[in-house]
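Let me begin by presenting the structure, written as structure tokens, before commenting on it.
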Amino acid sequence: IILVTGIGFFLKYSIDHGFIGPHARVLLSTFTGIAMVAVGTRLLGKTYHLLGQGLLGGGFAVLYFSCFACYSFYHLIGPLPAFALMALVTACAGLFAVRFNSLLVAVLGILGGYSTPLLLSTGEKNFPGLFGYLLLLGVGVLGISRRRQWPLLNYLAMLLTYGLATLAMASDYTSEDFLSVMPFLVGFFLLFTAAMFLYNLVSGE
């Protein structure tokens, strides 16, 4: 937490005082995030396993910061490349969580993945794009949860999915959007229902 907060303050301070250029700021924070992930990975399964998990999760959080700063603060890349980069960070967090059996990393990755549409919002209505992303993310979460038996992830994904869907529909939904929205809502229902049944079948409850 201290490292991630310090990097955030560094980015803000460097902006306010005109230190090092935007490209250098983004590169420096990106390399710091990668270094935290690398060091955290080396510590996992050893004496400082918990510290390694914190560094690993914090490293992914810093990488989210870098992508967001690159797009929103400095306008160095467009929304689509920024979205792709943040989706890549989310996918990597999921893979690391499964590989090293870290629920903390999985939760941080999920929170980052679901915050991506909010951080990179352009204000334009695009229900298929947003809901398709949420459905794909939900399938990924189900895969991770099924692999490691982490039901918490399914609950978290369900709350965030329906929360984002409700926010989007509350501001932009009209009756003309029914055909483009309803199939995704049905998909959300089937996905999280399947997640519940699969967990109970596997655990014998």
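Table for the structure above
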read-out: Any chance residue 129 is without any contact (Cβ under 8 Å) to a residue 40 or more places away in the chain and part of a helix (DSSP H, G or I); value: yes
read-out: Residue in the stretch 37-50 that is within 13 Å of the chain's Cα centre (by Cα) and surrounded by 15 or more Cβ atoms within 10 Å (Cβ to Cβ) present; value: no
read-out: Residue among 157, 165, 195 that alone is farther than 22 Å from residue 67 by Cβ, modelled with pLDDT of 90 or more and either open to solvent by 50 Å² or more (accessible area, probe 1.4 Å) or of a type in the set (A, V, I, L, M, F, W, C) (or both); value: 165
read-out: Test: residue 57 is open to solvent by less than 20 Å² (accessible area, probe 1.4 Å) and either modelled with pLDDT of 80 or more or among the aliphatic types (A, V, I, L, M) (or both); value: yes
read-out: Residues (farther than 16 Å from residue 133 by Cβ, part of a helix (DSSP H, G or I) and β-branched (Val, Ile, Thr)) located in the stretch 173-205; value: 186, 193, 202
read-out: Of all residues in the stretch 169-192 being among the charged types (D, E, K, R) and surrounded by 13 or more Cβ atoms within 10 Å (Cβ to Cβ), the one that is nearest to the chain's Cα centre (by Cα); value: 172
read-out: Filtered residues of the stretch 72-107 (kept if out of contact with any helix residue (DSSP H, G or I) (no Cβ under 6 Å at 6 or more places or on another chain) and of a type in the set (Gly, Ala, Ser)); value: 72, 78, 84, 87, 91
read-out: Residues (part of a helix (DSSP H, G or I) and open to solvent by 30 Å² or more (accessible area, probe 1.4 Å)) located in the stretch 145-154; value: 146, 147, 148, 151, 152
read-out: Restricting the stretch 11-45 to residues that are of a type in the set (Phe, Trp, Tyr) and in a helix (DSSP H, G or I), the residue that is farthest from residue 55 (Cα to Cα); value: 13
read-out: The lone exception for residue 62 - which of (1) open to solvent by 80 Å² or more (accessible area, probe 1.4 Å); (2) farther than 23 Å from residue 150 by Cα it fails; value: (1)
read-out: Residues (basic (Lys, Arg) and open to solvent by less than 30 Å² (accessible area, probe 1.4 Å)) located in the stretch 2-32; value: 25
read-out: Residue in the stretch 111-130 that is among the aromatic types (Phe, Trp, Tyr), open to solvent by 40 Å² or more (accessible area, probe 1.4 Å) and out of contact with any Leu (no Cβ under 8 Å at 6 or more places or on another chain) present; value: no
read-out: Count of the stretch 73-101 residues which are buried (at least 19 other Cβ atoms within 10 Å of the Cβ), among the small types (Gly, Ala, Ser) and at pLDDT below 85; value: 1
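The values are calculated or read from the model by the stated rules, or taken from the named source; none is laboratory data. The model shown is predicted, which means the values in this text are computed figures rather than measured ones. Virtual Cβ from ideal backbone geometry, glycine too; neighbours counted across all protein chains shown. Side chains are part of the model used for accessible areas, which takes the heavy atoms of the whole protein and leaves out ligands, DNA and RNA. Shrake-Rupley method; radii C 1.70, N 1.55, O 1.52, S 1.80 Å.
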